[in-house]
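Some notes on the structure that comes next.
What follows draws every value from the coordinates through simple rules; no lab data is involved. Here the structure is a predicted model, which means the values were calculated and not measured. A quick note on method: Cβ atoms are made from the backbone with ideal geometry, for glycine too, and the neighbour counts reach across all protein chains shown.
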Amino acid sequence: MLSESFALLQQEGFLTRSSLLAGFNSLRKANVDDINKGFFYSAFFELSIGLERLMKLVIVIDYMSKNNLAPMTDEELKNKYGHRIESLYIACKKLSTEMNRPNENFFDQADFEWNIIHFLHEFALSSRYYNLSKLSNKHKSNDPLKEWWDILICIIHSDLTQKRLENIHSNSLQYCDELGGNQFTLMRGLHGQLMTTLDAIMDPQLVAAAAPYSVWRVFTILQPFYHLLSNVVEAAHKIEIEKGINYPLIPYMDEFFPFLLLPKSIVIKRRKWG
């Protein structure tokens, strides 16, 4: 017999896994052209939701293991964390230290990956509403596309080889010359400005080349949670055994996320997830 808590956590596992995998797919497809630009927004929604729920699974199950298997109330979870991804991340990092888990896979604010954590934090809180808020002149956040472009630029210059960058640039210049010049177009880049012909030719190639590494950067943020989630579930299972409970209250949640164990070589080659 399965308990209600087992079924609810199981459903949350399905939801979280689907959100993350859909986010990887969207981030892999997203580009600056009109057909694929919307995938950036899809990726931001899905990854912010998936990361938030993954961390909340850790927090909730850890709370159960420390409180005689009593769940944290919805109000406690909302009041303490809400959609604040940075607060959840810091809490999980602290928990990892308390459980004697190696902390080298968690990031600090000085690390580049913290820019992605902060980006998803801001998107979850406010910048997902940027377009409509800007339209009504009440915007209080930055354009998420522009913010992501700044992150992409760093990935492009750190993860792509110099030879590849030079090939993209020289081939784009040659193509532009064949078209007869470099004028402004009516297309807007992720930075929000009108693109030149050269931009319109070169930027999609740069974004496509950086896409696998963008997924990998997000992956490195998520990977520590596989073992941390396994640890808090194991602690809760010990309480179940001590209490003589013969039907499970908590699933083996790490089984929802085996893909987080994949190495970089496979992650950057995979085009479709789930």
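Choose one answer from Ile201, Ile241, Ile168: the residue with the largest mean-square fluctuation in a GNM of the chain with alpha-carbon springs under 10 Å. With Cα springs under 10 Å in the chain, the top fluctuation among Ile201, Ile241, Ile168 is at Ile241. With the Cα gyration tensor of the range 113-216 giving a ≥ b ≥ c as the square roots of its eigenvalues, does the rule (a/c under 1.5 for rounded; else a/b larger than b/c for prolate; else oblate) give rounded, prolate or oblate? Because a/c hits 1.5 or more and a/b fails to exceed b/c, the range 113-216 counts as oblate. Across all directions, the average projected area of the convex hull around the alpha carbons of the range 166-248 is 9.2 nm².
Each Lys or Arg adds one and each Asp or Glu takes one away; over the other residues whose Cβ falls under 10 Å from the Cβ of Glu122, this sums to -1. Ordering Gln162, Ala30, Ile268 by the projection of their Cα atoms onto the charge dipole of the chain, which places +1 on the Cβ of Lys and Arg and -1 on the Cβ of Asp and Glu, puts Ala30 at the extreme positive end.
Averaging 1/r over each pair of different alpha-carbon atoms in the range 1-100 and inverting the result gives 15.1 Å, the Kirkwood hydrodynamic radius. For the chain, the longest principal axis of the alpha carbon atoms and the long axis of helix 85-98 meet at an angle near 50°. About its Cα centre, the dipole of the range 88-189 is roughly 500 debye, where the only charges are +1 on Lys and Arg Cβ and -1 on Asp and Glu Cβ.
Rounded to the nearest 20 debye, the dipole magnitude of the chain is 220 debye, with +1 charges on Lys and Arg beta carbons, -1 on Asp and Glu beta carbons, and the Cα centre as origin.
Hey, in the GNM for the chain with a 10 angstrom Cα cutoff, which one of Asp143, Asp111, Asp254 fluctuates hardest? Result: Asp111 has the largest fluctuation of those listed. With both labels modelled 7 Å from their Cα along Cα-to-Cβ, the Lys272 to Ser87 distance reads 4.0 nm. The computed Rg and Dmax of the Cα atoms in Å for the structure shown corresponds, within [x] 21.4, 79; [y] 17.8, 53; [z] 24.0, 93, to [x].
Note: relative contact order over the chain, using C-alpha pairs below 8 Å and six or more positions apart, is 28 percent. Summed over qualifying helices (DSSP H, 4 residues or more, each -39500 (n - 2.57)) and divided by its residue number, the chain shows a 222 nm mean residue ellipticity of -21500 deg cm²/dmol. The lysines whose alpha-carbon is closer than 28 Å to the alpha-carbon of Lys37, local same-chain residues fewer than 8 away aside, are Lys29, Lys134, Lys138, Lys140, Lys146, Lys163, Lys264, Lys269, Lys272. Note on Thr220 and Ile153: the model spin-label points, each 7 Å out from Cα along the C-beta direction, lie 2.0 nm apart.
For Met187, the residues 5 or more places off, or on other chains, whose built amide H falls under 5 Å of its own are Met195. Here is the list for the range 49-129: chymotrypsin sites (Phe, Trp or Tyr not before Pro) lying in DSSP coil, each with at most 15 other C-beta atoms within 10 angstrom of its C-beta, are Phe112.
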